[in-house]
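Throughout, read-outs are computed from the coordinates displayed, never taken from laboratory work. Note that the structure is predicted; figures quoted are calculated from it, not measured. Here the Cβ positions follow ideal geometry from the backbone for every residue, glycine too, while neighbour counts run over all protein chains shown.
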Amino acid sequence: MGHPLFVYLPCGVGGGPGGVTYGLKQIFKDNVHCFFAEPTHSPCMLLGLATGLHDQISIQDIGLNNKTEADGLAVGRASRFVGQAVETILSGAYTIKDEELFKLLKALYNTENLWLEPSALAGMPGPARLLQADVGRNYLKKLDLDKKMAQATHIVWATGGSLVPREVMDQYLAKG
C-alpha cells in the first residue's frame, strides 16, 4: 500500500484497457489505479460510464463527430460488457486533443527515438493531469495517496507505431 501503481490506458471500445484494468485490479487490488484516455471527439467509454448507458448512447447522440487522428480510438459507442465490468474499479478517465497527441509523438521521437501512432500517446499526459488537475489531486487526497506519490509507479500503456510507414510517420511528426 505504500507504493501505489498508476496505469494510464488509451481506450476505444474498451476491450484491451478493460481487460488490463480488470487483471491489474485482481492482482494488486486497491494498490493500482487505472485511468482511461480517449480523444476529445471520441470519448465513448467516458460517455457510457458517466451516463450509465454504456452501449445505449453514442458520441453522435451528444453532437460529437468521431473524427480523430487517433484512429485506434475512433469509436462512437463503448462496449456494454467492458463498461459494466470496469465501472466500479476504474479510477477515472480523461480526454486528449489530437494536437496534443502530435506534440507528444514528436517529443517522444525526439527524446527517445520511439515511433508510436497518435492513439498510443493518449496515456502520456496521465501523470501530469493526475497531479495538476483539481479532480486528480482530490482523488489522491481522498484515498490518502497524496503523501505516497514519491513512492508511486506510473505506467503508460502505449501500443502501436512500429508498422507505421516512414512517410506517414514524417507527416505525424510534422504535425507535432
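Structure data summary
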item: H33 long-range amide H proximity, modeled H, under 5 Å; result: L5, F6, V7
item: Segment 1-96, relative contact order in percent, only Cα pairs under 8 angstrom and at least six apart counted; result: 37 percent
item: Sorted peptide list for 68-77, 149-158, 90-99, 39-48, criterion being average Cβ within 10 angstrom, highest first; result: 39-48, 68-77, 90-99, 149-158
item: Cα lying deepest toward the dipole's positive end in the chain, options M149, S79, I57, charges on Cβ; result: M149
item: Helical mean residue ellipticity (222 nm; -39500 (n - 2.57) per DSSP H run of 4+; nearest 500) of the chain; result: -11500 deg cm²/dmol
item: Orientation-averaged projected area, Cα convex hull of the chain (nm²); result: 10.2 nm²
item: Dipole magnitude of segment 135-176 about its Cα centre (Cβ charges: Lys, Arg +1; Asp, Glu -1), debye to nearest 20; result: 320 debye
item: For segment 1-91, fraction of C-alpha pairs farther apart than 23 Å, in %; result: 22 percent
item: Segment 53-176, dipole about Cα centre (Lys/Arg Cβ +1, Asp/Glu Cβ -1), debye to the nearest 20; result: 400 debye
item: The chain - percent relative contact order, Cα under 8 Å, separation 6 or more; result: 30 percent
item: Loop trypsin sites (Lys or Arg not before Pro), segment 1-73 (other Cβ atoms within 10 Å of the site Cβ: 16 or fewer; DSSP); result: K67
item: Ratio of the Cα radius of gyration of segment 95-151 to 2.2 N^0.38 Å, where N counts its residues; result: 1.36
item: Cα centroid separation - segment 59-111 against segment 115-176, whole Å; result: 12 Å
item: Of L173, H41, L9, farthest towards positive along the dipole that unit charges on Lys, Arg, Asp, Glu beta carbons give the chain; result: L9
